[in-house]
Amino acid sequence: MAEQVYEKEKSNSTMINILSHIVEFRNGESGMHVLHIQTATDILLHTLVQKTDKYHLTAADISLISTASALHDIGKIVIPEEILNKPGRLTAEEFAVIKNHTVAGAQMLQDLGQAIARDEPLLQVAHAICRWHHERWDGNGYPDRLKGDEIPIAAQVVALADVYDALTSERCYKHAYDHDTALRMILNGECGAFNPLLLGCLRESSEQLR
């Protein structure tokens, strides 16, 4: 039985990685972004459960969230390539189009959930991450302007991992910052507002993340 569960998880993981790599490839990214997000999410969650039991996260939850994090940008599949890979600054109209990837990704997963299994835990977690990984602790994120712990913890952690990786990676519109600069920018609030507990986890796991 355990072996069957393990095989199913392995298949899930493989399929998710294939899907997310298609999005990455179209997004002009190296394919490492997904792996970085999964690893950073895993590190931050393990640090979080050592600090607090506020979120009641089990080892299985951590594994599920880390796996589902690979689908955070699946909605970018609907964004026109010339906007996705534009080297300069985006106009307000273009940014509005980009922002739609959160809602589009969540909708795709919701439709999938209805087709496969409404209560599939992986799809439920991936849906929350897709829709809310650009929400911010102070309510200034998008698309729903959720605030504080209204944002599911899975989405909060992936949001932080996403920002860290975006800063430390080269993109078509920016150079890569080193680890220390990225950390300082996030902790100084230059990249949006995050849960103070998670910022503490970021500090504590800094060397592992490096």
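Annotations for the structure displayed:
- Within the accessible area of the range 81-210 (1.4 Å probe), percent carbon and sulfur: 52
- Cα gyration tensor shape for the chain, rounded if a/c is under 1.5, else prolate or oblate: rounded
- Gyration tensor verdict on the range 1-114 (Cα atoms; rounded if a/c is under 1.5, prolate if a/b is larger than b/c, oblate otherwise): prolate
- Karplus 3J(HN,Hα) series, Hz, for the range 194-210 with 6.51 cos²θ - 1.76 cosθ + 1.60 (x for Gly, Pro): 10, 3, x, 4, 6, 5, x, 5, 4, 4, 5, 9, 3, 5, 5, 5, 4
- Each residue of the range 78-93 is assigned a 3J(HN,Hα), and the resulting list reads 8, 8, x, 4, 5, 7, 4, 10, 5, x, x, 5, 7, 6, 4, 5 Hz, derived from the Karplus form 6.51 cos²θ - 1.76 cosθ + 1.60 (θ = phi - 60°), x at Gly and Pro.
- Lys, Arg +1 and Asp, Glu -1 on Cβ, resulting dipole of the chain about Cα centre, debye, nearest 20: 320
- Once the Cβ-Cβ distance of ASP138 and ASP53 is raised to the sixth power relative to R0 = 22 Å, the FRET efficiency obtained is 0.30.
- Between LEU35 and ARG210, the distance separating the two model label sites (each 7 Å from Cα on the Cα→Cβ line) works out to 2.1 nm.
- When you filter the chymotrypsin sites (Phe, Trp or Tyr not before Pro) in the range 118-210 for DSSP loop state and at most 13 other Cβ atoms inside 10 Å of their Cβ, you are left with TYR173.
- Ligands, DNA and RNA are left out, and with a 1.4 angstrom probe the accessible area of the range 111-208 is 48 Å² per residue.
- Placing one equal scatterer on every Cα of the range 76-157 and applying the Debye formula, the log10 ratio I(q)/I(0) at q = 0.11, 0.18, 0.25 Å⁻¹ is -0.34, -0.81, -1.13.
- Each peptide in 50-58, 155-163 receives the mean, over its residues, of other Cβ atoms within 10 Å, and ordering these scores from highest gives 155-163, 50-58.
- Rounded, prolate or oblate (a/c below 1.5 giving rounded, otherwise prolate when a/b exceeds b/c) for the range 1-52 by Cα gyration tensor: oblate
- Along the axis of the charge dipole computed for the chain (Cβ charges of +1 for Lys and Arg, -1 for Asp and Glu, origin at the Cα centre), the listed residues LEU90, GLY148, TYR164 are led at the positive end by LEU90.
- Remark: spin-label model distance LYS8-GLU120 equals 1.2 nm, labels positioned 7 Å along the Cα→Cβ axis.
- Too-long pairs where the Cα-Cα distance tops 23 Å, listed order kept, from LYS10/LYS174; LYS54/LYS99; LYS76/LYS174: LYS10/LYS174; LYS54/LYS99
The values are calculated or read from the model by the stated rules, or taken from the named source; none is laboratory data. Fair warning: this is a prediction, and the values are worked out from it, not measured in the lab. A quick note on method: Cβ atoms are made from the backbone with ideal geometry, for glycine too, and the neighbour counts reach across all protein chains shown. Only protein heavy atoms, including side chains, enter the accessible area calculation; ligands, DNA and RNA are left aside. Shrake-Rupley method; radii C 1.70, N 1.55, O 1.52, S 1.80 Å.
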